[in-house]
Amino acid sequence: MTGATDSVRVVVVWVPDFPVLACGAQDGEPVAVVHRGAVVACSATARAAGVRRHMRLPTAQARCPGLRVVERDLAAEVRLFEQVVHRVEAEVVPRLEVIRPGLLAAPARGAARYWGGEPQLSVRLVGTVADLGLPARAGIADSTFVAALAARRGDGVVVPADGNAAFLSPYPVGVLGVPRLAELLKQLGIRTVGDFARLPAGRVAERLGTEGIVAHRVARGGSARPVSVRTAVQDHTVQRLFEVAEEQLDAVVFVAVALADELHERLAAAGVVCGRVEAAVETADGRILTRIFRHEGRLSSRAVAERVRGVLAAWSETGLLDAGDGEPGIRRLTLRPDGIAPDTGSQGAFDGERDTPVEVERAAARVQAVLGHRAVARIIEVGGRGPGDRIRLVPVGDVPDDGAGATGAEGAAGGPWQGLLPAPHPAAVYPVRRPARLTGTDGAPVGVAGRLELSAEPAFLSVDGRRPAGVNGWAGPWPVLERWWARDGGRRVARMQITTDDGHAWLLLVDRSRWWVEAHYG
């Protein structure tokens with residue numbers, strides 16, 4: 001077996017824990033950078049305490065009580081990393097590709113000849129980033145994926161030509177980044193990438209579909225991206241020329257969204273997709289600034305706009321957009337697709353079950369461009385005991401990175417959930433709990449003892465300060481005990497279902513002797 005590798009050698013530069021560095025963390029400080037309630041990066045001190053990526057925030061805080069939590073600021077990461085990109089472009093390699101803040105790739109063959117070899121190129125890149133006060137590792141291989149793994153293994157790892165398959169062989173199949181496929185392979189007794197690579201390609205295509213074919217190509221030492229198609233006959237580049245040089249960056253970003261929509265339309269009409277996009281800005285004084293972004297899969301308008309915004313902000317802060325004695329502003333914005341490949345279809349993630357119409361995605365992107373990224377969201381089911389805990393709103397275009405989206409009472413987010421509220425489910429769940437007052441016949445508040453005994457029979461319920469209604473039925477209370485192991489104290493509450501004589505039914509929660517309404521049954 002031989003791996004069908006790319007003819008172009010790739011060097012990858014990785015800055016470990018870059019989101020942590022971007023938030024200004026101090027050496028030795030336990031820090032976790034979170035996004036949507038999950039850890040996306042953490043410091044070495046936090047890892048030593050047991051914190052891991054993709055871990056839910058409450059679990060991370062339980063493992064590391066002194067953990068400092070910082071909400072992720074992607075724009076700040078882009079601005080900081082742009083300094084690295086600019087320095088590397090100016091001093092080591094003239095053309096590179098930003099995979100994400102903290103990770104970049106570049107063709108290695110020509111640069112290695114210039115600097116005297118691949119090891120020397122690796123040392124030069126690491127030293128250039130170190131001059132900015134940032135730690136870095138570099139790896140070189142026949143593909144970006146393997147080069148990134150080499151960089152993570154240690155500084156200066158060079159995978160020999162045609163050595164991708166041998167390098168990947170001992171890794172677990174989970175490293176291929178396809179969780180469902182990895183789980184299936186483990187059930188079949190295939191636990192390493194080498195074992196998977198030895199399977200006949202025809203059998204993989206028959207049984208594992210497109211995902212399996214791509215993963216098998218990677219396992220055999222090839223590239224995850226199909227062979228690029230030629231586009232010399234048809235140019236998919238889109239651009240906008242400003243009649244008057246535009247000085248407001250937000251206006252340029254808004255145009256970037258519209259251009260990305262136009263780019264999608266051209267690619268769809270040609271039956272292709274792009275894995276990279278180059279954004280080029282021509283200033284009023286004639287200078288041209290470019291940046292290449294990688295985005296596996298179909299690029300969303302919002303993704304392009306966010307990257308353009310971050311780079312423009314970084315260029316503005318560093319003075320690259322300053323005109324000096326010339327005319328200020330931006331004269332032209334160009335989006336040029338790269339890494340063109342045939343469109344083999346994509347799984348829409350808007351409703352989690354079937355492909356989303358492209359028109360819906362584009363309409364959502366336009367609304368997000370005006371009102372913000374979180375203005376249009378989809379509902380996914382997650383784990384939880386209460387009705388408000390079992391759903392999460394995810395902005396359209398984002399993919400949950402913590403395994404959310406499993407369905408079923410026991411399948412949601414790694415259940416089972418003891419104390420899960422059974423059906424029928426409420427008709428309305430309030431985003432913010434509404435205060436309530438549950439009293440007995442004597443007007444005294446009803447309490448719940450430690451053994452779940454009511455201090456009196458419920459007689460009247462007042463919701464949100466309104467006139468009390470008579471109680472004609474109830475069920476419960478049911479206990480909910482969460483995070484009982486946490487040093488800072490767990491959550492001990494109880495829930496009850498109450499019906500009133502005015503025809504309403506409510507879900508109540510009592511927390512520290514205070515009653516709240518969580519949901520309304522109708």
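The values are calculated or read from the model by the stated rules, or taken from the named source; none is laboratory data. Since the structure is predicted, the reported quantities are computational estimates derived from the model, not experimental observations. Please note: Cβ atoms are built from the backbone with ideal geometry, for glycine as well, and neighbour counts cover all protein chains shown. To get the accessible areas, we keep the full protein, side chains included, count just its heavy atoms, and leave off ligands, DNA and RNA. Shrake-Rupley method; radii C 1.70, N 1.55, O 1.52, S 1.80 Å.
The set of residues in the stretch 479-512 that are part of a loop (DSSP other than H, G, I, E, B) and modelled with pLDDT of 80 or more comprises Asp501, Asp502, Gly503, His504.
Got a sec? Which of Arg137, Arg124, Arg87, Arg153 is out of contact with any Ser or Thr (no Cβ under 8 Å at 6 or more places or on another chain) and in contact (Cβ under 8 Å) with a residue 40 or more places away in the chain?
On the way: Arg124 fails: in contact (Cβ under 8 Å) with a residue 40 or more places away in the chain; Arg87 fails: out of contact with any Ser or Thr (no Cβ under 8 Å at 6 or more places or on another chain); Arg153 fails: in contact (Cβ under 8 Å) with a residue 40 or more places away in the chain.
The match here is Arg137.
Condition (residue is open to solvent by less than 50 Å² (accessible area, probe 1.4 Å), of a type in the set (Phe, Trp, Tyr) and closer than 28 Å to Val15 by Cβ) applied to the stretch 194-201: is it met by at least one residue? No.
Out of Val11, Val85, report the one residue that is in a helix (DSSP H, G or I), closer than 30 Å to Ala161 by Cα and either open to solvent by less than 10 Å² (accessible area, probe 1.4 Å) or polar (S, T, N, Q) (or both). Before the answer, list the steps.
On the way: Val11 fails: in a helix (DSSP H, G or I).
Only one candidate passes the filter, namely Val85.
Taking the stretch 120-188 and the helices (runs of 4 or more DSSP H) fully enclosed by it, the elements with 3 or more residues that are surrounded by fewer than 18 Cβ atoms within 10 Å (Cβ to Cβ) and out of contact with any Phe, Trp or Tyr (no Cβ under 6 Å at 6 or more places or on another chain) are at 179-187.
Among the candidates Asp464, Asp442, the residue that is surrounded by 10 or more Cβ atoms within 10 Å (Cβ to Cβ) and among the acidic types (Asp, Glu) is uniquely Asp464. Tallying residues that are more than 20 Å from Val493 (Cβ to Cβ), at pLDDT 70 or above and outside any strand (DSSP E or B) within the stretch 408-465 yields 10.
For the stretch 189-202, the tally of residues that are under 21 Å from Pro172 (Cβ atoms) and either part of a loop (DSSP other than H, G, I, E, B) or charged (D, E, K, R) (or both) stands at 6.
Suppose the filter is in a loop (DSSP other than H, G, I, E, B) and surrounded by 15 or more Cβ atoms within 10 Å (Cβ to Cβ); does Val93 pass it? Criteria met by Val93.
Is it the case, given these coordinates, that Arg153 is over 27 Å from Glu278 (Cα atoms) and basic (Lys, Arg)? So Arg153 fits the description; yes.
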